[in-house]
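Worksheet: one structure, shown below.
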Amino acid sequence: MSNTIRTVMVGSWPIPFGQRLILKDYYSNLISDIDAYSTLQRAARVAMDEQIACGVDQIMGGEVFAPDFYHHIPPRLAGLETLQTRDTTKGYAGVGQYRVLERISAPIGTGHAIAYRRESAIEPKLSKAAVPSPLTIGGGFTNETNHDHLADLIDIVALEITDMVAAGATEIQLDAPSEAVGLVSGTRAVSELVELITGPLEPARSDTGEQKITRTVHFCLGDISRQTATEDQNLKNLIPLLQALEGTVDRVHLECSYPGQWQDISVLKEVPSSMEIIAGIADVKSTNPATSVDELSSKIHALLEIVAVDRLLVSTSCGCGRVPHDEAIRLVRNLVKAVSVG
């Protein structure tokens with residue numbers, strides 16, 4: 001545990017401007033991971049350097065290989081038929097739709113473990129890797145066979161995490177917006193979600209190897225074109241799941257930037273004491289100017305009335321990948337300044 005508040009990144013970072021045209025073919029699935037290796041590594045180098053320059057305590061690789069979060073994953077999987085291709089111009093209505101034909105597999109992986117190996121090879125400070133949850137990946141799937149496609153996705157994500165751990169990652173983050181949206185909106189029950197978190201994180205159990213692995217789950221309300229997947233906002237509906245995950249999850253990252261979430265901030269007292277809390281207080285979805293140092297500092301002081309300093313970390317509400325480049329830098333710098341001011 002730390003005696004100071006740590007600043008951490010969530011995952012994505014704006015694609016470096018000078019690499020965008022070169023990466024266009026990769027994002028269109030026209031070139032392979034191998035052929036795009038050096039370009040992706042250069043883009044990640046810029047993303048990590050910018051995070052380091054902002055002064056955050058824990059950087060991430062920037063997800064330059066996945067500027068649209070999880071939407072690149074289904075085209076990499078076997079066992080699916082595409083019903084509707086992803087259309088980024090249509091927001092949530094443009095999410096890809098897929099029919100499950102048979103058992104789903106990932107012959108070339110989801111791209112996340114490969115990315116961690118590529119990025120950690122050039123940056124020794126990189127210790128954290130992230131991958132979307134099975135429920136999130138399968139959000140656009142239909143299940144017209146008798147096979148349980150979520151079981152397949154648990155296995156796929158678990159294999160990805162196994163590779164991340166083998167590559168030296170000491171923190172694994174499971175990005176779980178679909179779980180959060182389901183609980184917050186009341187459309188999902190805790191009982192149906194526990195295995196979708198514990199199953200993928202099994203390879204990162206503390207007793208599976210010599211290296212202690214921090215297991216983190218990131219809960220937000222979704223982010224497509226800087227819009228959430230639900231108008232419902234609360235934290236209280238997430239608490240029962242966190243309590244059920246005690247012993248499996250070491251850190252929880254909670255989006256805390258919306259009014260309904262902040263109104264519920266006192267429920268953080270009910271998060272199991274074994275878990276550290278990453279409070280996502282710097283808003284990446286607002287089109288207003290970046291959250292100010294004063295506002296962030298005020299929120300940190302309020303959090304310290306609820307969460308002990310040695311359990312508290314702060315971050316942006318979600319990844320910065322959909323935020324204009326200059327705004328992302330300003331927002332993260334403000335977060336770092338707010339910690340020092342506080």
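Can you pull out the GluC sites (Glu not before Pro) in the stretch 292-342 whose DSSP state is coil and whose Cβ has at most 12 other Cβ atoms within 10 Å?
In loop regions of the stretch 292-342 (DSSP not H, G, I, E or B), the sparsely surrounded GluC sites (Glu not before Pro) are Glu305.
In a fully extended conformation the segment linking Asp49 and Ala308 would gain 90.2 nm over its present Cα-Cα distance, using 0.36 nm per residue. Between Thr170 and Gln243, the distance separating the two model label sites (each 7 Å from Cα on the Cα→Cβ line) works out to 3.3 nm. Under a straight-distance cross-link criterion of Cα-Cα below 29 Å, which lysines are reachable from Lys236, leaving out those fewer than 8 residues away in the same chain? Output for Lys236: Lys128, Lys269, Lys285, Lys299. With bins 10 Å wide beginning at 0, the percent of Cα pairs of the stretch 163-284 falling in each bin runs 13, 46, 31, 10, 0.
The base-10 log of I(q)/I(0) for the stretch 31-114, evaluated at q = 0.12, 0.13, 0.19 Å⁻¹, reads -0.48, -0.56, -0.96 [Debye formula, identical scatterers on Cα atoms, solvent excluded]. Global size of the stretch 6-341: 18.7, 57 Å for Rg and Dmax (C-alpha atoms, Rg to one decimal, Dmax whole).
Sparsely packed loop sites in the stretch 105-192 (the GluC sites (Glu not before Pro) outside DSSP H, G, I, E and B with at most 13 other Cβ atoms within 10 Å) comprise Glu144.
In sequence order, the stretch 184-201 has phi-based couplings of 5, 8, x, 9, 10, 9, 4, 4, 8, 10, 4, 5, 6, 9, 5, x, x, 7 Hz under the Karplus curve 6.51 cos²θ - 1.76 cosθ + 1.60, θ = phi - 60°, and Gly or Pro positions carry x. The simple Förster model, with R0 at 30 Å and r as the Cβ-Cβ distance, assigns Gln211 and Ser105 a FRET efficiency of 0.60. Take Thr85, project a point 7 Å from its Cα along the Cβ direction, then tell me which residues of the stretch 24-62 have their backbone nitrogen under 16 Å from it. Inside the label zone: 24-31.
Each reported figure results from applying straightforward, stated rules to the coordinates on display, with no laboratory input. Everything numeric here is computed off the predicted structure, so don't read it as measured data. A quick note on method: Cβ atoms are made from the backbone with ideal geometry, for glycine too, and the neighbour counts reach across all protein chains shown.
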